Amino acid sequence: MAQAQVERAVVIGGGIGGLTAAAALHRRGTRVTVLERSASLEPVGSAISLAPNALRALDVIGLGDDIRALSAWQGDGGVRAPGGRWLARTGAEAAAERFGGPLVLLHRATLVDHLAGRLPAGTVRTATAAHLVDAGHPGDPARPARVGTADGELEADLVVAADGIHSAVRRALFPHHPGPVYSGFTTWRTVVPLPGVRFASHETWGPGRLWGTHPLKDGRVYAYAAALAPAGERADDERAELLRRYGDWHDPIPAVLDAVRPEDVLRHDVHHIAEPLPAYHHGRVALVGDAAHAMPPTLGQGGNQAIEDAVTLAHRSGDLPAYTADRLPRTTGIARRAVRTARLGLMTGRAGTAVRDTAITVLSRAVPGLLLRSFDEIASWRPPTPDAVSFGAEPRQ
């Protein structure tokens, strides 16, 4: 089936998924406008882990090598118990060899800056709230999609809805879908300098809570925590709350907490889409990232899947049913697996966590590389194009 020509696209949302979609569409020669509600592209969040699947997608827009060079490799470390005992170990070189490329970590702002740098000046309009007026009809050239802003309406052959977990576009397209649900746990994230402290990357699992510490390439440390908690619960001092929950865990966690200021800590409750959408498109509109398939962060794949979505959408931009067919089964499976992983990592009860930890230890010793093997299906993804470096001709300026 021949794909329809997409000459004009409007992207609602200037996060990682929206900017990747804009860059990929621009590379194909589509005229793109990105509408971002916030006053700047400064991302909410701290660091992001990118697996080989997302890095291959970034290769398509010519950005993969730049991001690899700016990032710290992940993999030298593993899973620990709160007292410090290693339950399973992994290696960065082994991960890179197995997956055909490294797992890397960098600050979200760095990724956003480089994605925005792939777009012509004036493409991104910040402080511009947008809403869907008409999804359009792909079979009717006289009925483009229409997007409303305070300055008037924009028409487009394609609208990319990258407006996040509480997507207004998703609600407009699928008004009977229940939307996101609370995942049962809250998260904290921070990036801090930690000079002179050496450690191996780790994620530590305790009863009903976990902690992760990973070095960035610039010498700072990315740390995150998660714990079962009622939705909406907050502490007057989130650093003090982290100290209460994790202050007696193994090194380097106490050192990280000593370096953290209360204003350095971001806390967010986690929500996910439990019931998959019937499709990731309707009319001339396509959903990407959290708007389509918000998932818990326990596999580190939320942003990675948004990047996959974006590059796949650019490839399928004239055939949105094919985009849904490519993306819905894969992302649904990964989202369900992320939910299962959250339940495993946040188990409560001494008996259950003891059995879990013993099983991980025994299996990782009996089957070396077990943690890496479990990631094969995710990390092996490749972009749906015969040319993994470029879509083709250089973009129009």
Filtered residues of region 1-35 (kept if touching a Ser or Thr at 6+ places or on another chain (Cβ under 8 Å), open to solvent by 30 Å² or more (accessible area, probe 1.4 Å) and in a loop (DSSP other than H, G, I, E, B)): Gln3, Glu7, Arg28
Residue satisfying all of: in region 217-235; modelled with pLDDT of 95 or more and in a loop (DSSP other than H, G, I, E, B); surrounded by the most Cβ atoms within 10 Å (Cβ to Cβ) among these: Ala229
Residue that is nearest to Arg170 (Cα to Cα) [pool: residues in region 109-152 that are out of contact with any Asp or Glu (no Cβ under 9 Å at 6 or more places or on another chain), outside any loop (DSSP other than H, G, I, E, B) and open to solvent by 50 Å² or more (accessible area, probe 1.4 Å)]: His131
Matching residues in region 195-207 - criterion: being part of a loop (DSSP other than H, G, I, E, B) and either at negative phi or touching a strand residue (DSSP E or B) at 6+ places or on another chain (Cβ under 8 Å) (or both): Pro195, Val197, Arg198, Phe199, Ala200, Pro207
Residues (buried (at least 18 other Cβ atoms within 10 Å of the Cβ) and hydrophobic (A, V, I, L, M, F, W, C)) located in region 36-48: Leu41, Ala47, Ile48
Subset of region 343-359 [closer than 16 Å to Pro82 by Cα, open to solvent by 30 Å² or more (accessible area, probe 1.4 Å) and within 29 Å of the chain's Cα centre (by Cα)]: Leu344, Met347, Thr348
Residue within region 65-81 that is buried (at least 21 other Cβ atoms within 10 Å of the Cβ), within 17 Å of the chain's Cα centre (by Cα), part of a helix (DSSP H, G or I) and not acidic (Asp, Glu) present: no
Members of region 82-108 that are assigned to a helix (DSSP H, G or I), more than 30 Å from Asp248 (Cβ to Cβ) and out of contact with any Pro (no Cβ under 6 Å at 6 or more places or on another chain): Glu93, Ala94, Ala95, Glu97, Arg98
Search result, residues across region 294-329 that are open to solvent by less than 10 Å² (accessible area, probe 1.4 Å) and not aliphatic (A, V, I, L, M): Pro296, Gln301, Asn304, Gln305, Glu308, Asp309, Thr312, Tyr323, Arg327
Number of positions in region 165-194 that are within 20 Å of Gly13 (Cβ to Cβ), open to solvent by 20 Å² or more (accessible area, probe 1.4 Å) and part of a loop (DSSP other than H, G, I, E, B): 6
Test result for Arg239, open to solvent by 10 Å² or more (accessible area, probe 1.4 Å) and part of a helix (DSSP H, G or I): yes
Index of the failed condition, Gly62 passing every other in (1) open to solvent by 10 Å² or more (accessible area, probe 1.4 Å); (2) on the phi < 0 side of the Ramachandran plot: (2)
Selection from region 335-350 of residues that are farther than 23 Å from Arg89 by Cα and free of Cβ contacts under 8 Å to residues at least 60 places away in the same chain: Arg336
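The values are calculated or read from the model by the stated rules, or taken from the named source; none is laboratory data. Being a predicted model, the structure only gives us computed values, none of them experimental. FYI the Cβ positions are ideal-geometry reconstructions off the backbone, even for glycines, and counts take in every protein chain you see. Surface areas here come from the heavy atoms of the whole protein model, side chains and all, with no ligands, DNA or RNA. Shrake-Rupley method; radii C 1.70, N 1.55, O 1.52, S 1.80 Å.
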